[in-house]
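The values are calculated or read from the model by the stated rules, or taken from the named source; none is laboratory data. Being a predicted model, the structure only gives us computed values, none of them experimental. When we count neighbours, we look across all protein chains shown, and the Cβ atoms used for this are built from the backbone with ideal geometry, even at glycine.
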Amino acid sequence: MSEDYGKMLDSVLKQIPKAVFESSRFQIPEAEVSTIGNRTILRNFRSIASALNRAPEHLIKYLLRELGAAGNLEGTQAVFQGKFFKNTVDDRVQRYAEEFVLCRECGKPDTRLERHERVYVLRCEACGARASMRSV
Ligand SMILES: [Zn+2]
């Protein structure tokens, strides 16, 4: 690496907000998916919900809507009617995290989803930001 390139890289890195690096520590478990007949079982659904620190009922409602599928919770698993690839499920979980878990302002996952009558508010415990959410 030339010295100039090194300097350039340094200045680029300085421009990236710190929050980008901090939020990248946030680990969402990968979906463990099995297809049985015409049903897709998300075996580690509860672990994903608890890693996201969100109510399983809220997460499954979102996933069902995004997948356009019927389904339900069965113990620690979620069952979807239809066949879905692991990548599709991972992608929807990732989008859920971006929309309902990560703070819009600082990018940290230390947030709470609070319900005020019919409106959900995402409140960040790290920076205090609040954002109103659409309902799922
Ligand atoms: Zn924040």
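Some points to look at:
- Matching entry among L64, L102 (being more than 14 Å from V33 (Cα to Cα), in contact (Cβ under 8 Å) with a residue 40 or more places away in the chain and surrounded by 13 or more Cβ atoms within 10 Å (Cβ to Cβ)): L102
- Enumerated helices (runs of 4 or more DSSP H) restricted to region 37-120, each holding at least 2 residues that are at pLDDT 95 or above and of a type in the set (D, E, K, R): 56-67, 86-100
- Residue identified as of a type in the set (S, T, Y) and surrounded by fewer than 17 Cβ atoms within 10 Å (Cβ to Cβ) among T76, T40: T76
- Every residue from region 105-120 that is among the acidic types (D, E) and surrounded by 12 or more Cβ atoms within 10 Å (Cβ to Cβ): E105, D110, E114
- Selected residue (criterion: surrounded by the fewest Cβ atoms within 10 Å (Cβ to Cβ)) from residues of region 121-136 that are more than 7 Å from the ligand (Cβ to nearest atom) and in a strand (DSSP E or B): S132
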